[in-house]
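Each remark here refers to the structure printed beneath this line.
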Amino acid sequence: MNQQEEYSSLAEISNQEAEELCQDLRRRIIQVVSQTGGHLASNLGVVELTVALHRVYDTGRDRLVFDVGHQCYVHKILTGRNGRMETLRTFGGIAGFPKPAESKHDACIAGHASTAVSTALGMAIARTRLGEDYRVVALLGDGSLTGGLAYEGLSMAGQSGEPLVVILNDNGMSINASMGGIAQHLAKQRLKPQYLRGKEIYRKIMGATSVGRVLHRGIHRIKEGIKASLLPCEMFEGMGFQYMGPVDGHDVKGLTRLLRYAASVNGPVLLHVKTVKGKGFRPAEKNPDDYHGIGPFQKDSGCQLQPKTEESFSARFGRDLTALAREDKRVCAMTAAMTAGTGLTEFAKTFPERFFDVGIAEGHAVTMAAGMAKQGMVPVFAVYSTFFQRGYDMLLHDIAIDHLHAVFCVDRAGLVGDDGETHHGLFDPGFLKTIPGITVLCPASLDELTAMLRQAIYDFSGPVAVRYPRGGENQYFEDHSGVPAYCLRQGSDITLVTFGTLTGTVLSVARRLERDGISAEVIKLNQIVPLPTQVVLASLKKTGCLLVAQECVSMGGPGEGILAATAVKGIPLKSGVVCSCGDTFVPHGTIPQLRALCGLDGESLYRKAREVVRHGK
């Protein structure tokens, strides 16, 4: 495929050219992702669908809304970004998710599931109320239907009467409609061009007279009864959608025809498309979960070029929780459609009766944990920090008020790297701080995670969160996991405070400062909520200079709390600074690149510490 090919030409290409383009696109995606890593299987599954969408819609004017958004690579290639695809998910390069700042063809930000229909409905309402002329289409994955927000959007969109198209991309990963031969035959008949044209003519004739309208209502009731027993459309049509499908999601000619019809309907339409995740790349078709998000790999074999060798925090968590469950029948595990990602695969196999995958429904998971805890179980919900944000109300209302003992293992805390703004875990210290009665623990190493997980289950009442980053850390500290905070290194000139996996970096900074004649005291926080300030304040009385290093936003972080406690206690602070990820969103890139960007790498912290000491003299 010509990297400079204009996307706008797609409206005019023939069906044969569209099929050839799909093959070129599939090869291009495999080539790019094999070099950069990324979401492979989901993008291979929507090649024909995305080409058909671009044959029908002008995404520079019309609004194409992605749900989750990780399946947008084809869209990016077709909208002028093909020449930059080698920079996919790299620092300063193309994002792995839709990003309006990157292109006018990206209708809105996306990164979390089940949001597309609500966003699309809002856009459709805005279009109608402002008297503007553009079309709106939402691409919804079947996995997103495990999230309640999707149904809230579908319910209102169907009843709104707004012209918009919702495409349900059903790759069989979450829903599998059971259809016999008769049902499949009827579905095909309903989608033939002559049927669709006849349907429009029939409606006009029947609507012209009162007798016709009465007759139409009787025929409609009979037809609906037949459909309800044979076709997987009753729910959507009950919401108010004109249902079309299921159809072959890899037939670019048929998809283009149906999308042209759907786009012409003056009301909400739901097009049910059946696709194969990983289509066209045998390893991904065979094991789509393994190729959902993948690092660089060999194009021919699919083998990863950089196999994981170190144990990760997620893997250690899963191993430890399985061991604890063997000891205690009250311990159960929960995940929100992230069994492998959170390290719970072995737990699920070992204790299937105590393992619960709730789907993309984090709020439900928190409230379900409340019910379990209330009745004597010890629920452990493993969830990515960025998705845990969805459970805030339930944490307050269902867990905290009753002071229930549930454990929340907050994975991907801190900077996560190439997934960028929508996936960094930078906000949980701030919002967890506002939950009355919660305890938040921060292991700095795998061994500390082992100790703190047991501590969270047995040594606390009320809600407990254990937050840890993506990947693993080979750093070792003397075991002080039972105390909220302690002095890790004695010093007299400056107090360095940190927690989690930044601890090793801060210790290195302290040793470097020592060579400059600066004596740095290092305080390690094992717990950040409630904030243990006693040890920090005692150190500040001695040094008078402070540097806090935290891999989270400034607002609500431990640094803010330490400065407040210093002021309340009237401790004179000669000089102080909080080094954090700022108060904005951090882009995508490698962890070292992003730490350098935020001033949290060793060099930046060293320079900032010297500056603090100099200002404190």
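The values are calculated or read from the model by the stated rules, or taken from the named source; none is laboratory data. The shown structure was predicted, so the numbers you read here are calculated from the model rather than taken from an experiment. Note that each Cβ is placed from the backbone with ideal geometry, even for glycine, and that neighbours are counted across all protein chains shown. Note: accessible area is taken over every heavy atom of the protein model, side chains too, but ligands, DNA and RNA are not part of it. Shrake-Rupley method; radii C 1.70, N 1.55, O 1.52, S 1.80 Å.
Any idea which of His292, His250, His272 is within 16 Å of Ile167 (Cβ to Cβ) and in a loop (DSSP other than H, G, I, E, B)? Explain how you work it out, then say what you get.
Numbers: His292 fails: within 16 Å of Ile167 (Cβ to Cβ); His272 fails: in a loop (DSSP other than H, G, I, E, B).
Matching residue, one of His292, His250, His272: His250.
Can you confirm whether Thr450 is farther than 30 Å from Pro587 by Cβ and touching a Phe, Trp or Tyr at 6+ places or on another chain (Cβ under 6 Å)?
no
Pairs only if they're at least six apart or on different chains, beta carbon under 7 angstrom, first in segment 26-44 and farther than 14 Å from Gly293 by Cβ, second part of a helix (DSSP H, G or I) and open to solvent by 20 Å² or more (accessible area, probe 1.4 Å); list them, first residue then second.
Pairs that qualify, where the first residue is farther than 14 Å from Gly293 by Cβ and the partner is part of a helix (DSSP H, G or I) and open to solvent by 20 Å² or more (accessible area, probe 1.4 Å), are Val32/Glu86; Gln35/Glu86.
If a residue must be without any contact (Cβ under 8 Å) to a residue 60 or more places away in the chain and within 29 Å of Gln31 (Cα to Cα), how many such residues does segment 297-337 contain?
10
Looking at segment 200-212, is at least one residue at pLDDT below 95, under 22 Å from Arg135 (Cα atoms) and open to solvent by less than 40 Å² (accessible area, probe 1.4 Å)?
No: segment 200-212 contains no residue that is at pLDDT below 95, under 22 Å from Arg135 (Cα atoms) and open to solvent by less than 40 Å² (accessible area, probe 1.4 Å).
Got a sec? Which strands (runs of 3 or more DSSP E) wholly within segment 496-551 have at least 1 residues that are closer than 18 Å to Asp601 by Cβ and open to solvent by less than 20 Å² (accessible area, probe 1.4 Å)? Please lay out each step first, then the result.
Details: elements: 520-525, 527-529, 545-549.
Hits in segment 496-551: 520-525, 545-549.
Residues to consider are Leu270, Leu191; find the one that is modelled with pLDDT of 85 or more and surrounded by 11 or more Cβ atoms within 10 Å (Cβ to Cβ).
Leu270
Has segment 30-37 got any residue that is on the phi > 0 side of the Ramachandran plot and either surrounded by fewer than 23 Cβ atoms within 10 Å (Cβ to Cβ) or assigned to a strand (DSSP E or B) (or both)?
yes
Every residue in segment 417-438 that is open to solvent by 10 Å² or more (accessible area, probe 1.4 Å) and either among the hydroxyl-bearing types (Ser, Thr, Tyr) or under 17 Å from Ser314 (Cα atoms) (or both), please.
Answer for segment 417-438, where residues must be open to solvent by 10 Å² or more (accessible area, probe 1.4 Å) and either among the hydroxyl-bearing types (Ser, Thr, Tyr) or under 17 Å from Ser314 (Cα atoms) (or both): Thr422, His423, Thr434.
Just the residues that are charged (D, E, K, R), within 15 Å of Val380 (Cβ to Cβ) and surrounded by fewer than 21 Cβ atoms within 10 Å (Cβ to Cβ), please, taken from segment 449-483.
Arg454, Asp459
Tell me yes or no: at least one residue of segment 381-389 is assigned to a loop (DSSP other than H, G, I, E, B) and hydrophobic (A, V, I, L, M, F, W, C).
Narrowing segment 381-389 to residues assigned to a loop (DSSP other than H, G, I, E, B): none.
There is no residue in segment 381-389 that is assigned to a loop (DSSP other than H, G, I, E, B) and hydrophobic (A, V, I, L, M, F, W, C).
Can you tell me how many residues within segment 93-149 are open to solvent by 10 Å² or more (accessible area, probe 1.4 Å), under 27 Å from Phe388 (Cα atoms), without any contact (Cβ under 8 Å) to a residue 40 or more places away in the chain and outside any loop (DSSP other than H, G, I, E, B)?
4
Scan segment 287-311 residue by residue and report those that are in contact with a Pro (Cβ under 9 Å, 6 or more places away or on another chain) and either under 26 Å from Gly420 (Cβ atoms) or among the hydroxyl-bearing types (Ser, Thr, Tyr) (or both).
Asp290, Tyr291, Gly295, Phe297, Ser301, Gly302, Gln304, Leu305, Gln306
List the number of the failed condition for Leu215; all other conditions in (1) at pLDDT below 85; (2) part of a loop (DSSP other than H, G, I, E, B) hold.
All conditions are met except number (2).
Taking segment 391-414 as the region of interest, how many residues are assigned to a strand (DSSP E or B) and either among the aromatic types (Phe, Trp, Tyr) or open to solvent by 40 Å² or more (accessible area, probe 1.4 Å) (or both)?
1
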